[in-house]
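S.K.: Please find one structure pasted underneath; my questions will follow.
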C-alpha cells in the first residue's frame with residue numbers, strides 16, 4: 001500500500017495536489033449536480049420519482065438528527081447530511097478502482113477537526129467563556145491534564161477510526177491481490193495481454209471481500225462518524241453541571 | 001546482515017505483535033452485539049434505539065484496535081526507526 005499519488009504540484013510553491021483532493025473535487029461536483037437534478041421543479045405533492053427519492057433522503061437525515069439530538073438541533077441536519085453523503089461516496093469510489101478518499105488521514109482529520117470546532121463552540125455557548133475552562137477542572141483541579149487529553153483524544157479517535165477502517169480494508173485487499181497474483185503465477189495461470197497481466201486466480205475471489213470492506217464498511221463507518229458527531233455535539237450543548 | 005535489514009525485520013515483527021490488540025475489540029464487540037440481540041429479542045419494538053446505541057458502543061470499543069492498527073501501519077509504511085540509522 002502506498003500513499004495517495006501526487007497528481008500535480010502548484011507551480012512556484014511546494015503544495016502538492018494528491019489523488020484524494022482531485023477525487024474530492026469530482027465528488028463535490030457530482031453531489032452538487034445530483035442534488036440540483038433531484039430538487040429541481042418540486043411539487044407540493046410529489047409526482048416524479050426523483051422528488052420521492054429526494055424526500056426520502058432528507059427525511060432520513062432529519063429523522064436521524066431529531067432522534068439523536070432532539071428537536072432544537074433540527075438546523076444541524078444539513079451538516080450531518082453533507083458529512084454522510086461525502087463520506088459514503090468518498091468510500092464507495094473504491095468500487096470504481098479509485099483510491100478511497102477516506103483512506104487518507106488528512107481528509108478524516110480535517111472532518112474530525114470540524115467536529116471538534118463544533119463541540120468547542122457548543123461548549124462555549126452552554127457554559128460561557130470561564131465555565132468552559134472551569135469544566136476542565138471539574139471533579140478536582142489536579143485532574144486537568146487528563147481532561148485536556150480526553151478532549152483532544154475525541155477528534156483524534158474519530159479521525160483514526162474512519163481512516164483505520166478504510167485503510168485496513170485497503171491493506172487486506174491489496175495483500176489478497178498480491179497473494180492471488182503469486183498463486184496464479186505459481187499455477188501458470190497468469191497471462192500477459194499487452195501492458196496488463198490477467199491473473200485467473202484473482203478474478204472472482206476479491207469480490208466477496210469487496211462487499212464487506214468497500215460497501216458495508218464504507219457505509220457503516222460513514223454512519224458512525226456522523227452519529228458520533230451528533231452525539232458529541234448534543235452532549236457538548238448541555239451545561240456541564 | 002545489514003543494519004537496515006535488521007531494523008526492517010524487527011519492525012515487521014513489531015507490527016505483527018501490535019495487531020495482537022485486535023483480540024480485545026473482537027471479544028468486546030461480540031459481547032456488545034450479543035447483548036443487543038438479547039435485548040431486541042426481549043423487546044422487539046426497541047430495535048431502532050438498541051441498534052443505534054450498539055453502533056456507537058461498538059465504534060467506541062473499536063478504538064483500541066484501530067490505535068494498534070495505526071501503530072502497525074506506521075511501523076510498516078512510515079518507519080520512524082529507519083531515519084535514525
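S.K.: Somewhere in the range A:143-158, is a residue within 13 Å of another protein chain (Cβ to nearest Cβ), touching a helix residue (DSSP H, G or I) at 6+ places or on another chain (Cβ under 8 Å) and free of Cβ contacts under 8 Å to residues at least 40 places away in the same chain?
M.R.: Yes.
S.K.: Pick from the range B:20-59 the residues that are more than 23 Å from residue A:155 (Cβ to Cβ) and within 9 Å of chain A (Cβ to nearest Cβ): which of them is surrounded by the fewest Cβ atoms within 10 Å (Cβ to Cβ)?
M.R.: Ranking the candidates gives B:48 first.
S.K.: Do you know which residues across the range A:37-49 are out of contact with any helix residue (DSSP H, G or I) (no Cβ under 9 Å at 6 or more places or on another chain) and in a loop (DSSP other than H, G, I, E, B)?
M.R.: Hits for the range A:37-49 are A:44, A:45, A:47, A:48.
S.K.: Follow-up question, since we're still on this one. Those residues that are without any contact (Cβ under 8 Å) to a residue 24 or more places away in the chain and closer than 21 Å to residue A:158 by Cβ, I need them from the range A:207-225; list them, please.
M.R.: Once the filter is applied, which keeps residues that are without any contact (Cβ under 8 Å) to a residue 24 or more places away in the chain and closer than 21 Å to residue A:158 by Cβ, the range A:207-225 yields A:216, A:220.
S.K.: Please find, among A:58, A:22, the residue that is surrounded by 13 or more Cβ atoms within 10 Å (Cβ to Cβ), in contact (Cβ under 8 Å) with a residue 12 or more places away in the chain, touching a strand residue (DSSP E or B) at 6+ places or on another chain (Cβ under 6 Å) and in a helix (DSSP H, G or I).
M.R.: Selected residue: A:22, the only one of A:58, A:22 that is surrounded by 13 or more Cβ atoms within 10 Å (Cβ to Cβ), in contact (Cβ under 8 Å) with a residue 12 or more places away in the chain, touching a strand residue (DSSP E or B) at 6+ places or on another chain (Cβ under 6 Å) and in a helix (DSSP H, G or I).
S.K.: Conditions first: (1) under 26 Å from the mean Cα position of the chain (by Cα); (2) more than 30 Å from residue A:78 (Cα to Cα). Residue A:179 passes all but one, so which condition is the exception?
M.R.: Single failed check for residue A:179: (1).
S.K.: Evaluate the range B:60-80: report whether one residue or more is away from chain A (no Cβ under 11 Å), exposed (fewer than 13 other Cβ atoms within 10 Å of the Cβ) and either in contact with a helix residue (DSSP H, G or I) (Cβ under 8 Å, 6 or more places away or on another chain) or in contact (Cβ under 8 Å) with a residue 24 or more places away in the chain (or both).
M.R.: Yes: one or more hits.
S.K.: Let me ask you something else. Have a look at A:107, A:171 and point out the one that is in a helix (DSSP H, G or I), under 24 Å from the mean Cα position of the chain (by Cα) and surrounded by fewer than 20 Cβ atoms within 10 Å (Cβ to Cβ).
M.R.: That would be A:171, the only listed residue that is in a helix (DSSP H, G or I), under 24 Å from the mean Cα position of the chain (by Cα) and surrounded by fewer than 20 Cβ atoms within 10 Å (Cβ to Cβ).
Residue-by-condition table, conditions (1) assigned to a helix (DSSP H, G or I); (2) crowded, with 20+ Cβ neighbours inside 10 Å; (3) modelled with pLDDT of 90 or more:
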site	(1), (2), (3)
A:53	yes, no, no
A:62	yes, no, yes
A:74	yes, no, no
A:80	yes, yes, yes
A:91	yes, yes, no
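S.K.: Working carefully through the options A:131, A:97, find the one that is touching a residue at least 40 places away in the same chain (Cβ under 8 Å), out of contact with any strand residue (DSSP E or B) (no Cβ under 8 Å at 6 or more places or on another chain), loosely packed, with under 15 Cβ neighbours inside 10 Å and away from chain B (no Cβ under 14 Å).
M.R.: Testing whether each residue is touching a residue at least 40 places away in the same chain (Cβ under 8 Å), out of contact with any strand residue (DSSP E or B) (no Cβ under 8 Å at 6 or more places or on another chain), loosely packed, with under 15 Cβ neighbours inside 10 Å and away from chain B (no Cβ under 14 Å) leaves just A:131.
S.K.: Out of all the residues in the range A:166-191, which are in contact with a strand residue (DSSP E or B) (Cβ under 9 Å, 6 or more places away or on another chain) and within 16 Å of residue A:102 (Cα to Cα)?
M.R.: Result: no residue meets the conditions.
S.K.: Pick out the one residue from A:34, A:7 that is surrounded by 11 or more Cβ atoms within 10 Å (Cβ to Cβ) and either assigned to a helix (DSSP H, G or I) or out of contact with any helix residue (DSSP H, G or I) (no Cβ under 8 Å at 6 or more places or on another chain) (or both).
M.R.: Unique residue meeting the criteria: A:34.
The values are calculated or read from the model by the stated rules, or taken from the named source; none is laboratory data. As the structure is a prediction and not an experimental result, all values here were calculated from the model. Here the Cβ is made from the backbone with ideal geometry for all residues, glycine too, and neighbour counts use every protein chain on show.
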